[in-house]
């Protein structure tokens, strides 16, 4: 059987093991230690823009704490991009708040500002506590437009930058735009700590409170005392060591992912019916964490997204449909949705191609062999 080509795998550099060994040799095998402090500082320095960082166990944990910090309570309302992974939405449900889903726009595939403002206007009588837009597959959302709406209606933004570390908008790094921002270091992300995430904010009080809540909200006392409910969400010192090493190669990984994207564009340039998620102007810089395409059967001679996906599967190559919009998920049946169904159409015809930064030329030859057979190129 042919070896598996995965959609996106971890890509370890040379120094990660050094920082992990330091954690073991110094016996810092816990959710405290010098690697955590250094990792947080490295992230903050990379993002610039006067942000501070709290390293956590996952991006989902970071969204949960963000909602807590913004005082989102049961029966409040949160406006969430529908075209995303459940890690964006689940924390809202943990709290018992209500979700209003917002459609995507065709340009970046991210939260539509027009649909967002309509959702707000139609629900002004309700306690709307946050807006959660997502930089999907590394593509920055329309930052200025979303920010204007946020300011106009005094609703804070939780920026879901889980897929967009290394991306930027108007030369400012994604992860530095929200009132609170969220990163993910899951195993399939552009850099990884195996599992992990981070909460980022210019508001130092938010970050300090996040560190407090993520370590079980232990009060300052010789004994264990708790005045608030906390969570076991802090990143371990060992995993932070991996993160330090990964941050050292982040720019290289971005270059490699963008190079993958370019190779796919070259292949498809003379094939009708294939379009890419694409930077709309020089203001947008995507890490192209995943290369995502739309396959339009009426223009490809009847070739569908599923034809391509199954052909890859038969050759032990992983590809994946675009995210199924959350308003279409059974768990959110009946939830409010604002938009024209753009994300539904993207899901119907969209496919994520193998995009790992460690893809070899031989693996690309296998990928292109499948595509050549399908498209008779």
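Miscellaneous remarks
- Every listed requirement among (1) closer than 30 Å to residue 19 by Cα; (2) touching a residue at least 60 places away in the same chain (Cβ under 8 Å); (3) part of a helix (DSSP H, G or I) is met by residue 307 save one, (1).
- Single residue of 264, 288 found to be within 19 Å of residue 136 (Cβ to Cβ) and touching a strand residue (DSSP E or B) at 6+ places or on another chain (Cβ under 8 Å): 264
- Residue selected from the stretch 123-134 under the condition surrounded by fewer than 24 Cβ atoms within 10 Å (Cβ to Cβ) and closer than 19 Å to residue 95 by Cβ, by the criterion nearest to the chain's Cα centre (by Cα): 129
- Being in a helix (DSSP H, G or I) and in contact (Cβ under 8 Å) with a residue 40 or more places away in the chain holds for only one residue in 352, 343, and it is 343.
- Looking only at residues in the stretch 4-22 that are touching a strand residue (DSSP E or B) at 6+ places or on another chain (Cβ under 9 Å) and buried (at least 19 other Cβ atoms within 10 Å of the Cβ), the one that is nearest to residue 364 (Cα to Cα) is 5.
- Test: residue in the stretch 330-338 that is loosely packed, with under 14 Cβ neighbours inside 10 Å, at pLDDT 95 or above and outside any loop (DSSP other than H, G, I, E, B): yes
- Whenever a residue of the stretch 53-77 is assigned by TED's automatic domain parsing to the domain that holds residue 123, its partners that are modelled with pLDDT under 95 and in a loop (DSSP other than H, G, I, E, B), lying with C-beta atoms within less than 9 angstrom and at least six residues away or across chains, give the pairs 57/31; 57/195; 57/236; 58/195.
- Here residue 174 fulfils each of the conditions (1) closer than 19 Å to residue 292 by Cβ; (2) touching a helix residue (DSSP H, G or I) at 6+ places or on another chain (Cβ under 9 Å); (3) crowded, with 24+ Cβ neighbours inside 10 Å; (4) touching a residue at least 40 places away in the same chain (Cβ under 8 Å) apart from (4).
- Meeting the requirement of 1 or more residues that are without any contact (Cβ under 8 Å) to a residue 60 or more places away in the chain and surrounded by fewer than 13 Cβ atoms within 10 Å (Cβ to Cβ), the helices (runs of 4 or more DSSP H) wholly within the stretch 183-287 are 204-213, 250-268.
- Residue 137 vs. criteria assigned to a helix (DSSP H, G or I) and under 18 Å from the mean Cα position of the chain (by Cα): yes
- Against the numbered list (1) closer than 30 Å to residue 8 by Cα; (2) in contact with a strand residue (DSSP E or B) (Cβ under 6 Å, 6 or more places away or on another chain); (3) outside any loop (DSSP other than H, G, I, E, B), residue 116 comes up short only at (1).
- Of the set (1) under 28 Å from residue 97 (Cβ atoms); (2) surrounded by fewer than 19 Cβ atoms within 10 Å (Cβ to Cβ), all apply to residue 298 but (1).
- Residue under evaluation residue 53, criteria (1) touching a strand residue (DSSP E or B) at 6+ places or on another chain (Cβ under 6 Å); (2) closer than 21 Å to residue 155 by Cβ, criterion not met: (2)
The values are calculated or read from the model by the stated rules, or taken from the named source; none is laboratory data. All of these numbers come straight from a predicted model, not from anything done at the bench. Glycine gets a Cβ as well: all are built from the backbone with ideal geometry, and neighbour counts include every protein chain shown.
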